[in-house]
Structure formats: structure tokens, C-alpha cells
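Any read-out appearing in this document is the output of simple, stated calculations on the displayed coordinates, not a laboratory observation. Remember, it's a predicted structure, so these values are computed and weren't measured experimentally. Positions of Cβ are backbone-derived with ideal geometry, glycine not excepted, and every protein chain shown enters the neighbour counts.
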Amino acid sequence: MNRFKKHLWIAAGFTVLVTIGGVHSGPAIAQGVKAVLVSSIDTPGRVPYQRWLYTAACTAGASGCSVAGSAVATGKRVAITNVSGAFDVGSQAGQVLTVFLEHGSVTSPGIPANVPPVYLPTSYQGTNTFLNADEFVVNAPVLAYFDANDFPIIEVVLGASNITGRPMSFAISGYVVDCSVGPCATVVY
């Protein structure tokens, strides 16, 4: 009988501990549920962004060509995380070319002086002998922010006048941040 009483008291003790533990774990569970329901406005992929920038023909004989995207909507910020594309230039031995992503602004025409361009590595794909043109491609991870009324520009600059008058096409992708839900921090350059 003594043994039975001892087991009964142990069972009663565990019951009290479980009851007290359950009461005190309630706020912890509630915090876990709240953490799932509240999310950051800057979570990548929440609002995906993808645009195709295309020009049918750059000016033949020019030393550069650019293609621009549309302006970012008021109250939004676009974070571009990848740029890919292709373009042709006239075949020329030892040619030098530079490709970069830069900012344009609707409110302030011209490129803002305090916003540096993002240089994009290119890869030579070969020569199209029929067109006498060298083809290059770009595929680069980047991180560039564009605020309301800014727009992305991709520019190809050559060391000589040899744009072929052929099309250029680029795809930019990333995500949109809604700055009207929570303030977007200022981007420091």
C-alpha cells in the first residue's frame, strides 16, 4: 500500500508540473505564431520582378547603345538581382567593350552623379560570318536598387564605332519592395 501511495504522489506531482508548464508555455507558442504571421517587407521573392529590355536595332556605326526599362512606381523600390542578355557587334580583332547597368531618373533627367554603374561581365560566343558580327552574352548576379521614378538602363559601350545595327535584348529580374507598407531605408552609395 505504501508503494501505491508513493506512485500516486509521483503521478500527482507530474500532473501539477505539466499543468504549470502548459500555462507558462502559452506566450511562447503565441510568439511563434505571431512570428509566422508577421514578415519583412524586404523578403526577396515576395513580389517577384522581371522585365525584358529590348531594342530592335542600335544605330549602325555608333560607339554604344542603350536600352531602358520603365520607371518604378511611386511608393515602391525594385531590387534587381540578376541581369542576362545578348547582343551583336561588328567583328573586329581586339575590340574592347563595356556593359553596365545604370540608373535613369524621371524626376532628374540624366544619370545621377552619386549612383555608380554596375559593370557586367560579358562572354564572347563566336562570330556569325554571314552577318560579320561577334555575339556576346551577359549573365550576372547583381544587387542594384531603383526607387520611385528611377528606371534601369543597360548600356553597351565600345572602344570603336562598330555597333552593327542589330537588336539587343536583356532580361532583368529581382523583387519589388512596397515602401508604403513600411519605410524603405535610404540606399547609401
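Points to keep in mind about this one:
- VAL156, VAL47 arranged by Cβ crowding within 10 Å, fewest neighbours leading: VAL47, VAL156
- Taking other C-beta atoms within 10 angstrom as a stand-in for reagent exposure, THR81, THR122, THR74 fall in the order THR74, THR81, THR122, fewest first.
- Taken along its principal axes, the alpha carbon cloud of segment 48-178 reaches lengths of 48, 27, 23 Å, longest axis first.
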